[in-house]
Ligand code: F6R
């Protein structure tokens, strides 16, 4: 695992955007795995600026979703499909035809999860998966004690994560769904390159456990230690508890 410490969130965004631009430069049809949440926004903004400046050609790039709420209609403004359409696809000039994600409204959720894993494999696998991290060490919505070998499946959100996400639902926790479909840790580990971005002091304990703790389900992100090509990009605040 490579750890890169940058001064702040903007520098992290620029660094990861450069890595994505390089990847797309040598593999124009790359399948990029993207996360939602606040942390990756500077990446999408920096990459969007490169696209607008004509430095990156995204005409063949494909985008894969990491997780999705169960039960929110796809057109709900806070479904992750809508969020990614707004924050990633639009600024990067990528159409929905190049987007793949699990169906959070499927009647048979388990079948939808299996179909998504199969679709990722059929698409050739994710080239670079961008990850954020929860304060409890979750990646995707694999909360603590998720199996490190897990596949895409339905998970129940912890109360803490629903509290954290209420900010996207007018601060009203009652509107936050209880369930999500998330790529499993085993699924995530199949991406060719994992890039975990963490910024801010609130992530410092989770980053320390990820990088320096034992590989353990209690910190799902520690599974990155098992991956042959994992990069952890942290600002100084998020790195502050590394030895
Ligand atoms: C969302 C996701 C989550 C977030 C994590 C951190 O798609 O995968 O694991 O990355 O909850 O969220 P932020 O970046 O908002 O702190």
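Only a single item in (1) surrounded by fewer than 18 Cβ atoms within 10 Å (Cβ to Cβ); (2) part of a helix (DSSP H, G or I) is not met by residue 124, and it is number (2).
Inclusion of residue 165 among residues that are without any contact (Cβ under 8 Å) to a residue 12 or more places away in the chain and surrounded by 15 or more Cβ atoms within 10 Å (Cβ to Cβ) is warranted. Consider residue 114 carefully, then state whether it is under 22 Å from residue 81 (Cβ atoms) and surrounded by 16 or more Cβ atoms within 10 Å (Cβ to Cβ). Criteria not met by residue 114. For the stretch 1-12, taking the residues that are in a helix (DSSP H, G or I) and in contact with a strand residue (DSSP E or B) (Cβ under 8 Å, 6 or more places away or on another chain), the one that is nearest to residue 201 (Cα to Cα) is identified as 9. Scanning the stretch 24-49 for residues being away from the ligand (no atom under 12 Å from the Cβ) and surrounded by fewer than 19 Cβ atoms within 10 Å (Cβ to Cβ) gives a total of 7.
Does the stretch 166-177 include one or more residues that are in contact with a strand residue (DSSP E or B) (Cβ under 8 Å, 6 or more places away or on another chain) and over 24 Å from residue 30 (Cβ atoms)? Within the stretch 166-177, one or more residues are in contact with a strand residue (DSSP E or B) (Cβ under 8 Å, 6 or more places away or on another chain) and over 24 Å from residue 30 (Cβ atoms).
For the residues 75, 107, 87, the requirement of being free of Cβ contacts under 8 Å to residues at least 60 places away in the same chain, within 19 Å of the chain's Cα centre (by Cα) and either closer than 17 Å to residue 180 by Cα or outside any strand (DSSP E or B) (or both) singles out 87. For the residues 156, 161, 135, the requirement of being away from the ligand (no atom under 14 Å from the Cβ) and at pLDDT below 95 singles out 156.
Selection of the stretch 90-104 for residues being surrounded by 17 or more Cβ atoms within 10 Å (Cβ to Cβ) and either assigned to a loop (DSSP other than H, G, I, E, B) or within 13 Å of the ligand (Cβ to nearest atom) (or both) yields 94, 101, 102, 103, 104.
Please verify whether residue 61 is farther than 20 Å from residue 188 by Cβ, away from the ligand (no atom under 16 Å from the Cβ) and surrounded by 15 or more Cβ atoms within 10 Å (Cβ to Cβ), treating the condition exactly as stated. It is false that residue 61 is farther than 20 Å from residue 188 by Cβ, away from the ligand (no atom under 16 Å from the Cβ) and surrounded by 15 or more Cβ atoms within 10 Å (Cβ to Cβ). Against the definition (in a loop (DSSP other than H, G, I, E, B), over 20 Å from residue 37 (Cα atoms) and away from the ligand (no atom under 13 Å from the Cβ)), how does residue 148 come out, yes or no? It is true that residue 148 is in a loop (DSSP other than H, G, I, E, B), over 20 Å from residue 37 (Cα atoms) and away from the ligand (no atom under 13 Å from the Cβ). Residue 136 fulfils the conditions (1) touching a strand residue (DSSP E or B) at 6+ places or on another chain (Cβ under 6 Å); (2) under 30 Å from residue 18 (Cα atoms) except for a single criterion, (1). Of the residues that make up the stretch 216-229, is at least one part of a loop (DSSP other than H, G, I, E, B), free of Cβ contacts under 8 Å to residues at least 40 places away in the same chain and surrounded by 16 or more Cβ atoms within 10 Å (Cβ to Cβ)? So far as the stretch 216-229 goes, no, none of its residues is part of a loop (DSSP other than H, G, I, E, B), free of Cβ contacts under 8 Å to residues at least 40 places away in the same chain and surrounded by 16 or more Cβ atoms within 10 Å (Cβ to Cβ).
The values are calculated or read from the model by the stated rules, or taken from the named source; none is laboratory data. What you are looking at is a predicted structure, and each value in this text was computed from that prediction instead of being measured. A quick note on method: Cβ atoms are made from the backbone with ideal geometry, for glycine too, and the neighbour counts reach across all protein chains shown.
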